[in-house]
1. Quick one: is A:GLU244 within 14 Å of chain B (Cβ to nearest Cβ) and either touching a strand residue (DSSP E or B) at 6+ places or on another chain (Cβ under 9 Å) or within 28 Å of B:LEU100 (Cβ to Cβ) (or both)?
2. Please state which one of B:ASP168, B:ASP184, B:ASP217 is at pLDDT 90 or above and in contact with a Leu (Cβ under 8 Å, 6 or more places away or on another chain).
3. In the stretch A:112-137, which residues are among the aliphatic types (A, V, I, L, M), assigned to a strand (DSSP E or B) and either touching a residue at least 40 places away in the same chain (Cβ under 8 Å) or crowded, with 18+ Cβ neighbours inside 10 Å (or both)?
4. So B:ALA37 fits all but one of (1) more than 14 Å from chain A (Cβ to nearest Cβ); (2) surrounded by fewer than 16 Cβ atoms within 10 Å (Cβ to Cβ); (3) part of a strand (DSSP E or B); what number is the exception?
5. Among the candidates B:GLU221, B:GLU181, which residue alone is within 24 Å of B:ASN61 (Cα to Cα) and either of a type in the set (D, E, K, R) or part of a helix (DSSP H, G or I) (or both)?
6. Hey, any hits in the stretch B:56-68 for a residue that's within 13 Å of chain A (Cβ to nearest Cβ), over 27 Å from B:MET183 (Cα atoms), surrounded by fewer than 17 Cβ atoms within 10 Å (Cβ to Cβ) and in contact with a Leu (Cβ under 9 Å, 6 or more places away or on another chain)?
7. I need the full set of residues from the stretch A:96-112 which are more than 29 Å from A:ALA124 (Cβ to Cβ) and either modelled with pLDDT of 85 or more or among the polar types (S, T, N, Q) (or both), in order please.
8. Give the residues of the stretch B:134-151 that are charged (D, E, K, R) and part of a loop (DSSP other than H, G, I, E, B), sorted by residue number.
Amino acid sequence: MKLKDIALNNLRRRKIKMFFLVFGMVFGVATIVTLSAITATMQKEMQGNILEVGTRLIITPKTEERNYSYNGIAIPGSDVNFDVTEFNDGVVAKIQDSDGINVVAPKVLGAAKVQSSKRSRDVAVIVGVDFEKELQIKNYWRLVGDKPATEDQVLIGSNIGMEFKVEPGKKLTINGRDFVISGVIESTASDEDGLVFMNLATAQELLKKPDALSFLEVAAFKNLRATDEQVKAVVQQVSVKVPEARVTSVKDKVEARKELVDRFANFSLVVSVIVLIIGSLIVMTTMMSSVNERTREIGIFRAIGFRKKHIIKIILMEAGVVSVISGIVGFIVGMGVATLTAPMVVGNLKGSVAWNPLLAVGVLVLSTLVGLLASWYPAVKASRLDPAEALRFI
Amino acid sequence: MNIIEVRNVTKTYDGGEGLVTALGGVNLKVEEGEFLALVGPSGSGKSTLLSILGAINPPTNGEVIIDDINIYELSSERRADFRSEYLGFVFQQFQLIPYLTAIENVMLPLAITNRSTTEQREMAKAVLEKVGLGNKCERLPNQLSGGEQERVAIARAIVNHPPILFADEPTGALDTKTGQEIMDLFKTLNKEGQTIIMVTHNMDCLSYTGRAVFIRDGLLEKTEEYRKKVI
């Protein structure tokens, strides 16, 4: 028999007490894992968004718009647009000539009646694009099927595919004209999922907007990690060259959201620290009560020759086993909860919660350390028990 | 040859309402192979003397020499090693560990040695057979009778062959017949050369011993010899 056998046998004897201790620790570990996993997922999604967007600019025609409100409440129907304008093809060349511009992807937007053999909708948004340029900018698109090769082919968003029950190779009738679906864009968890993309000229003709462009999407710099200063310089340059345009950096919007994610990360950290402190106190209280219950037993160990270090080892082994089990179960439970709740918390989750082995190792080390440190005092106290007093010789 | 020598040992402790004298200057010599009984009424100081002899309760004054070692000059940890090597204890109420089987309880003193588990198990099995419990090795203490638990406690005390065996009221929790069986077992062990020091207030047990030392109010009152030591 070794000391570990004594520790394990004692754990088996105190099943209910140990179950509640493990339960408490699992709860704490799972909370930390859930928060960490969700935070990591949010940060990854955020990073992904920033990389996908890169230094994309959206260039729209300036539209004078007024809306009226009273005490912050918007008055329905009060949106009034003055001078609704659209670009023409000439603006593309002007922007393309600017320094730092990589790709200019013009678009025309409009509503059209869309029909498939199974469904029909009076109003769906169609987008006319230059596919070659569009696919350069949307390098994150994953297509089921191919990109359109002719004017009569279209790409559809995943929601359109589901709604109209169509797939690549099937027919879609738009404003009375038949198109073949060349490919479906896998969900990007954005508005793109509900759009129909077709050749720019065909869309202009179909929407009766010859040469008109609703807006331009521009990728500045080939290097997607351009600095904020570089992006600002390009925005300014384009604004000067095309005074009728309003230039917005898409990255700005993403970074605003990043700040929210960072705040959530800080919140998670604070909660994790509180959980750690509470967990340590639970372990310490339980181990102290266990030591108090075992006064006579520890007295016997000491009387038959166990050294202080042997007693400390037994108590710490018990704490270690409980902590390791709690760490493993807590990690699995925490990841399970994170996987279930991440779509609600993150919203529009594109990927899934990643099972990070480093997080697993970290949590295991952390729970073991907390268990051992919190049990150190009870273990030392147990080792200092006077055997004569414990066995009531005095 | 004296294996134990007690010199002017006193023990006082704080009883809440001032100092209480448990032992007031005890001198005692115990020969190797002797079966000695410490006899006295409750509160006489006999269990305190046993714990002082057992290296777990330092005296207030005086010395305890065992095998030429002044045991209370040893550090607390070295004294633990000494207990492991020299002494076996049979506690009052058996004091078995409830979550360990009979054989595991007997293996307990060996758990802190370098012996393999197999060797420990063989040694424990042999001792359990010696005390007549070879067929109940895997039982938990609560599955054993009082007499059987006492035998496990004795087996645990002698498994690592200590030169001295201490027993505190070994028949106190047993019926007369079982008590006699246990005393027979002690007598057999003593005949094999085991030095035994036993605390008791049961006069029927004295006939099994070689000598009885009577204690009253912390002082040795008288000594009675019953038979010569075996070796």
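The values are calculated or read from the model by the stated rules, or taken from the named source; none is laboratory data. Predicted model, so just to flag it, every value in this text is computed and none were measured. Every residue, glycine as well, gets a Cβ built from its backbone with ideal geometry; the counts of neighbours run over all protein chains shown.
1. Numbers: within 14 Å of chain B (Cβ to nearest Cβ): no; either touching a strand residue (DSSP E or B) at 6+ places or on another chain (Cβ under 9 Å) or within 28 Å of B:LEU100 (Cβ to Cβ) (or both): yes.
Judged against the criteria, A:GLU244 is not a match.
2. Result: B:ASP168 is the single residue among B:ASP168, B:ASP184, B:ASP217 that is at pLDDT 90 or above and in contact with a Leu (Cβ under 8 Å, 6 or more places away or on another chain).
3. Residues satisfying the conditions are A:ALA112, A:VAL114, A:ALA124, A:VAL125, A:ILE126, A:VAL127, A:VAL129.
4. Failing condition for B:ALA37: (2).
5. Only one candidate passes the filter, namely B:GLU221.
6. Scanning the stretch B:56-68 turns up at least one residue that is within 13 Å of chain A (Cβ to nearest Cβ), over 27 Å from B:MET183 (Cα atoms), surrounded by fewer than 17 Cβ atoms within 10 Å (Cβ to Cβ) and in contact with a Leu (Cβ under 9 Å, 6 or more places away or on another chain).
7. A:GLN96, A:SER98, A:ASN102
8. Looking only at the stretch B:134-151, we keep the residues that are charged (D, E, K, R), and these are B:136, B:138-139, B:148, B:150-151.
Hits for the stretch B:134-151 are B:LYS136, B:GLU138, B:ARG139.
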